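S.K.: Next up is a structure, given as structure tokens.
The values are calculated or read from the model by the stated rules, or taken from the named source; none is laboratory data. Here the structure is a predicted model, which is why all the values come from computation and not from measurement. Glycine gets a Cβ as well: all are built from the backbone with ideal geometry, and neighbour counts include every protein chain shown. Ligands, DNA and RNA are excluded from the accessible area calculation, which covers all protein heavy atoms including side chains. Shrake-Rupley method; radii C 1.70, N 1.55, O 1.52, S 1.80 Å.
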Amino acid sequence: MLIAVFSCWLSQTLPVQAEAVTSPKTCQIGVYLTSLRDFKPADKSFSANFWVWSVCPFETPKPLESLKVVNSNEVNKNYSSFSRSENLSDTFKASKNVFWSEEEISTSLYYNWDTKNYPFDRHVLKITLEETQLDASTFLHAPDFAGTGYQKDMDLEGWKIIDFKIAQENFPYRTSFGSPGIKREINYRSRLVISITINRESKVSFFKLAIGVYAAVALSIMALLLDEDFGDRMGIFVGNLFAVIVNMQAATSDLGSSNSVTLIDFIHIIAIIYIFISASLLVYTRFLSESDKDSRYLMRRFAVPILGGSFVVLNIVIIFHAAIVG
């Protein structure tokens, strides 16, 4: 009797042994980028081709089979292979054999292009690969830093890669996805994030968009020097104003809409203001001519030099600011 009571007391007072904690399974994952193309700010997208591979010390799970390309518009798997081979590398030294698999993937991805400082804009494009079946407590990606990279001779359509990184992160989902086996409020999934920083090199498209604006402002300022009829000169201002507005809409269509005023928007807005000022000066000279006062001296010595010079200086300042900020 006493022995039974003592045993019951002892079982209640001694600490309960903690459950064994198991480490998540890990495979080494690497990526080699072969193509980066179709940069479409208006469609908020870009396309990429890349090889992805995994090296695992176990046959299952196979991480490439449950890998998802996050924020993808379209994904095509062009080639895949799986094999078991002798482990001759320093990866997973305790394993005599490893299981190697690879896939070639082509995808179109969503990206919100920030063209505020176009054509001096820089962007960080991301290709994110996520494990879809196992949470981070069960499986984690291990980046293959040595093997990951990109093809140096890619045609980037006027862009240049200035940085390339790969990293692993655990992404939180505040849901159990309805699984009765998950009690946690936050569910983590392992992600592999490839970050590609690109810098725009070609400025040809900017020249094409801006040349019409600068020509319209120059013609409007030079129209103040003409001696033609008031109606003819006013028609020049109206035509120039219409041309700038149409060009602004074309630029928005090419670069995509933005919630902020971009450099190209600012150039168009300044042009509209200067054309309006020039038209206002023309109206003022009309009043001067009706009062028998010569307005040509005022236009040639003050109005035209001030308008032309201030427009050039203002454009130089905002373009240099955009180039520095990037």
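S.K.: What part of the accessible area of the chain, given as a whole %, is carbon or sulfur when the probe is 1.4 angstrom?
M.R.: On the chain, the fraction of accessible area on carbon and sulfur atoms equals 58 percent.
S.K.: Show me 107-117, 195-205 ranked by packing, highest mean number of other Cβ atoms within 10 Å first.
M.R.: Numbers: 107-117: 17.7, 195-205: 15.2.
In decreasing order of mean packing, 107-117, 195-205 become 107-117, 195-205.
S.K.: Further question: Between GLN151 and LYS44, how high is the FRET efficiency from 1/(1 + (r/R0)^6) when r is the Cβ-Cβ distance and R₀ = 25 Å? Nearest 0.05.
M.R.: Details: r = 25 Å, r/R0 = 1.00.
It comes to 0.50.
S.K.: Another question about this same structure. Cα axis of helix 304-325 to longest principal axis of the chain: angle in degrees, 0 to 90, nearest 10?
M.R.: The two axes meet at around 10 degrees.
S.K.: Given the options PHE311, PHE177, PHE82, which has the most mean-square fluctuation in a GNM of the chain, springs set between C-alpha atoms less than 10 angstrom apart?
M.R.: Fluctuation is largest for PHE177.
S.K.: Tell me, Kirkwood radius of the chain from alpha-carbon pair distances, in Å?
M.R.: Numbers: mean 1/r = 0.0393 Å⁻¹.
Averaging 1/r across every pair of different Cα atoms and inverting gives 25.5 Å.
S.K.: By accessible area of protein heavy atoms, probe 1.4 Å, what ranking do VAL193, VAL313 get, highest first? Each step should come with its number before you reach the end.
M.R.: Values: VAL193 15, VAL313 90 Å².
Ranking VAL193, VAL313 by accessible area, largest first, yields VAL313, VAL193.
S.K.: With a point put 7 Å past each Cα toward its Cβ, work out how far ALA94 is from VAL238 in nm, to one decimal.
M.R.: 8.4
S.K.: OK, next. Just to be sure I understand: with springs between alpha-carbon atoms less than 10 Å apart, which residue in VAL124, VAL244, VAL312 has the highest mean-square fluctuation in the Gaussian network model of the chain?
M.R.: Comparing VAL124, VAL244, VAL312 in a Gaussian network model of the chain, the most mobile one is VAL312.
S.K.: Rank these by accessible area, largest first, 1.4 Å probe: THR252, THR262.
M.R.: Numbers: THR252 55, THR262 10 Å².
I get THR252, THR262, largest accessible area first.
S.K.: Here's a follow-up. Provide the per residue accessible area, probe 1.4 Å, for segment 113-216, rounded to a whole number of square angstrom. Walk me through the numbers before you get to the answer.
M.R.: Details: 5520 Å² over 104 residues.
Accessible area per residue, segment 113-216: 53 Å².
S.K.: Would you kindly calculate the translational diffusion coefficient of segment 97-158, applying Stokes-Einstein with the Kirkwood radius from alpha carbon pairs, for 20 °C and a viscosity of 1.002 mPa s, and quote it in µm² s⁻¹ without decimals? If you can, show how the numbers build up before the last one.
M.R.: Values: Rh = 16.1 Å.
Roughly 133 µm²/s, to the nearest whole number.
S.K.: Mind giving me the FRET efficiency for ILE186 and ARG37? R0 is 41 Å, r the Cβ-Cβ distance, nearest 0.05 is fine.
M.R.: Values: r = 37 Å, r/R0 = 0.91.
Between ILE186 and ARG37 the formula returns 0.65.
S.K.: For ASN76 paired with VAL246, estimate the spin-label separation in nm (one decimal), with each label point 7 Å from Cα along the Cα-to-Cβ line.
M.R.: It is 3.8 nm.
S.K.: Work out how far the C-alpha atoms of segment 135-263 reach from end to end along every principal axis, then list the three figures in whole Å, largest first.
M.R.: Largest first, segment 135-263 extends 85, 40, 15 Å along its Cα principal axes.
S.K.: Now for a different question. So how exposed is GLU157, as accessible area in Å² (1.4 Å probe, rounded to 10)?
M.R.: In the full protein context, GLU157 sits at about 100 Å².
S.K.: Next up: By its C-alpha gyration tensor, with a ≥ b ≥ c as the square roots of the eigenvalues, how is segment 69-124 shaped: rounded for a/c under 1.5, else prolate for a/b larger than b/c, else oblate? If you can, show how the numbers build up before the last one.
M.R.: Details: a/c = 4.76, a/b = 2.30, b/c = 2.07.
Here segment 69-124 falls in the prolate category.
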